[in-house]
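See below for the structure under consideration.
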Amino acid sequence: MDNLARFADIAAELPESLRVDIEAWDGQPTFRVRGKNFLFTDQEGTRATVKLPPEEAAAVVALGGATPAGYGLGKHGWVSTEVDADADDGRWAELREMIRTSYRMVAPKRLAREVED
């Protein structure tokens with residue numbers, strides 16, 4: 001399974017998530033809940049950008065696992081991380097948790113409560 005399909009599978013676990021490809025950004029895939037992005041990626045799924053609590057984002061960046069997202073989003077907890085095509089199950093478990101955290105941060109409270117930690 002390719003990376004983009006794995007991202008789609010993770011997003012499909014989340015209530016009311018929807019994939020939206022941004023035509024103005026050359027079809028860049030995003031995943032949203034009620035119009036709010038919780039995951040940005042590229043066509044190959046080699047990069048994931050998610051929103052984390054500020055302290056968690058700072059820790060991930062400090063450990064070298066991610067970089068602050070561009071366009072000023074980094075100061076709001078958005079981080080970008082690379083995803084190798086041959087990423088192992090441990091890496092995908094980490095990415096899944098980051099995506100779920102991002103979803104919980106942007107989703108309406110009722111939907112966020114439906115997603116377990």
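Things to note:
- Whole-Å semi-axes of the chain's equivalent ellipsoid (Cα gyration tensor): 18, 18, 15
- Largest mean-square fluctuation among 54, 68, 29, in a Gaussian network model of the chain whose springs join Cα atoms under 10 Å apart, belongs to 54.
- Extension gain for residue 25 to residue 47 (0.36 nm times residue separation, less C-alpha to C-alpha distance): 6.4 nm.
- Protection proxy ranking of 97-109, 72-84, by the mean of other Cβ atoms within 10 Å over each peptide's residues and highest first, is 97-109, 72-84.
- Between 14, 52, 63, the GNM of the chain built on Cα springs shorter than 10 angstrom shows 63 fluctuating the most.
- Restricting the range 7-52 to trypsin sites (Lys or Arg not before Pro) in coil, as DSSP defines it, with at most 14 other Cβ within 10 Å: 34
- 3J(HN,Hα) couplings calculated from phi for the range 38-52 with the Karplus curve 6.51 cos²θ - 1.76 cosθ + 1.60 (θ = phi - 60°) are, in sequence order, 10, 8, 10, 8, 10, 4, 8, x, 8, 9, 10, 10, 9, 9, 10 Hz; Gly and Pro show x.
- Between the listed residues 60, 92, 14, the Cα displaced farthest toward the positive end of the dipole of the range 3-111, a dipole computed from Cβ unit charges relative to the Cα centre, is found at 14.
- Contour excess over end-to-end distance, with Cα ends at residue 12 and residue 91 and 0.36 nm allotted per residue: 26.6 nm
- Computed over the chain: relative contact order in percent, which uses C-alpha pairs under 8 Å that are six or more apart: 24 percent
- Helices that extend 18 Å or more along their long axis by alpha-carbon positions and average at least -1.0 on the Kyte-Doolittle scale are, among the DSSP H runs of the chain, 89-106.
- Sequence-distant lysines (8 or more away, or on other chains) whose Cα lies within less than 21 Å of residue 109: 36, 51
Only the coordinates and a few stated rules stand behind these numbers; no lab work does. All figures in this text were calculated on a predicted structure; none of them were measured in a lab. Counting neighbours? That spans all protein chains shown, and the Cβs are built from the backbone with ideal geometry, glycine included.
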